[in-house]
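Okay, so here's the structure we're looking at.
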């Protein structure tokens, strides 16, 4: 599944991924980066993922997308429920997310910011971009120059 908006990140080679991941400060941030890179989804589609959205048996992450809309032609209707999409995760990524969730019990969201709320929409600018600059990669966002 891909969003109409597309990924927040430009394609990164294996060495660039490694450098960027090493420059991030927390395990949560490194897992978010992996999900962004491996699924190609934008941050807005991942940041509100709940622990209960992780389907361990099927190896999927269920994401609620959409909701109330008028005339978009996407199958949603006013007052309708959000569309649920299942994102398959590689066995390695699934194991990493499961391990992280198991080590952090009591969370509602996989990626929690302050006060038990989901990580904010500024994560790319405030967390990922400074890590990319520290690692010498320049701006990792899609549609930007490399350095």
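Taken as Cα centroids, the range 79-147 and the range 11-45 sit 8 Å apart, rounded to the nearest whole angstrom.
Remark: C-alpha extents of the range 87-143 on the principal axes read 34, 31, 21 Å, sorted largest to smallest.
Every number here is computed from the coordinates shown, using simple stated rules; none is lab data. Note that this is a predicted model, so its numbers are computed, not measured.
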